[in-house]
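The values are calculated or read from the model by the stated rules, or taken from the named source; none is laboratory data. These numbers come from a predicted model, not from an experiment. So basically every Cβ, Gly included, is an ideal-geometry build from the backbone, and we count neighbours across all protein chains shown.
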Amino acid sequence: MNVPTIATVFPTYNEGERLAAFLGDWAAVGAAHRAVAATAIVVDDGSTPENADAHAAVVARVARDLETSNSPHRVEYVRADRNRGKGAAIRLGWSRAAADAAWLTFIDSDGAIPAREYWRVADMLPSVDADIVCACRVRMAGRTIDRSLFRHFQGRLFATFAEELFHLGFYDTQTGMKAFRGPLLRPLLPELREDRWLLDVEVLVRMVRAGARPIEVPVDCFMRGGTSLVLGVDPLRMAVQMLKLRSRLRSAGAPRP
């Protein structure tokens, strides 16, 4: 029986052991999930040579394990020539995805969203009545969110400003896992320009304004480690970049609601 294929980009930059642990979990948990055939495209975004070699070795090992176990899932490795940012890594990965992939997706490589949550959402895709499926971090019964108060406030500030500018209707535009129906996203790929953290918003704006139907799916999320965000400085930078994005999308003639 043919099952839908999905291509998932794992943008990776100096992840070290986190990638090994997460990709291993992804493959192990995926053995019990056959509703889709998933290809993980690990895109190394210009990591140091030592980390890049380690990432490549991890992918090679997981690829062998998947092949040996006759899994329907696969993993590939793509190495960017230099660091350009998460958005650029995702765009590069999508450009390498199979032309017939039913869904183009991505998930952060740090394991903040567990592999079991990836597969729970992946199992929804064959029957979901939507064209965009976005994970979201919302505290509710049955879900666990573990992140600092600073990160929570930073995220809510970003989401609120994004809603004021773009009127997308999303609670959380920046959770690190999203899925887009391939035939709808693929024609838009040449138009995408964001190299860093605003790619999420750019894709959502273009797809929603083109008529794509979105839903948000609450997921468990465990944010570990520190943050490079600077209180008071980064919110201002984010606001400026979002204003630039809105101006660019208007100039490019992106449809409006």
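Some notes on this structure:
- Pair list, Cβ under 7 Å, 6 or more apart: segment 192-221 residue over 18 Å from residue 86 (Cα atoms), other residue part of a helix (DSSP H, G or I) and not hydrophobic (A, V, I, L, M, F, W, C): 206/191; 219/117; 220/117
- Qualifying residue in segment 237-248 (condition: modelled with pLDDT under 90, in a loop (DSSP other than H, G, I, E, B) and in contact with a helix residue (DSSP H, G or I) (Cβ under 9 Å, 6 or more places away or on another chain)): no
- Within segment 80-98, tally of residues that are touching a residue at least 40 places away in the same chain (Cβ under 8 Å) and either part of a helix (DSSP H, G or I) or aliphatic (A, V, I, L, M) (or both): 12
- Selection count where residues are of a type in the set (Val, Ile, Thr) and touching a helix residue (DSSP H, G or I) at 6+ places or on another chain (Cβ under 8 Å), scope segment 118-144: 2
- Residues that are within 15 Å of residue 108 (Cβ to Cβ) and either out of contact with any Asp or Glu (no Cβ under 6 Å at 6 or more places or on another chain) or of a type outside the set (S, T, N, Q) (or both) do not occur anywhere in segment 30-39.
- Yes/no for residue 104 being at pLDDT 95 or above, buried (at least 21 other Cβ atoms within 10 Å of the Cβ) and either on the phi > 0 side of the Ramachandran plot or outside any helix (DSSP H, G or I) (or both): yes
- Near pairs, Cβ below 7 angstrom, 6+ apart or cross-chain, from segment 235-249 (β-branched (Val, Ile, Thr)) to any residue that is buried (at least 16 other Cβ atoms within 10 Å of the Cβ): none
- Test: residue 27 is crowded, with 18+ Cβ neighbours inside 10 Å and of a type in the set (Gly, Ala, Ser): yes
- Contact map, segment 35-63: first residue within 24 Å of residue 181 (Cα to Cα) and modelled with pLDDT under 95, second residue surrounded by 16 or more Cβ atoms within 10 Å (Cβ to Cβ) and among the aliphatic types (A, V, I, L, M), Cβ cut-off under 8 Å, separation 6 or more or different chains; pairs are 35/122; 35/125.
- Residue 3 fulfils the conditions (1) in contact with a strand residue (DSSP E or B) (Cβ under 8 Å, 6 or more places away or on another chain); (2) exposed (fewer than 15 other Cβ atoms within 10 Å of the Cβ); (3) part of a helix (DSSP H, G or I) except for a single criterion, (3).
- Top-ranked residue of segment 1-28 - restricted to ones that are free of Cβ contacts under 8 Å to residues at least 40 places away in the same chain and of a type in the set (A, V, I, L, M), ranked as nearest to residue 67 (Cα to Cα): 20
- Residue selected from segment 36-71 under the condition assigned to a loop (DSSP other than H, G, I, E, B) and crowded, with 16+ Cβ neighbours inside 10 Å, by the criterion nearest to the chain's Cα centre (by Cα): 45
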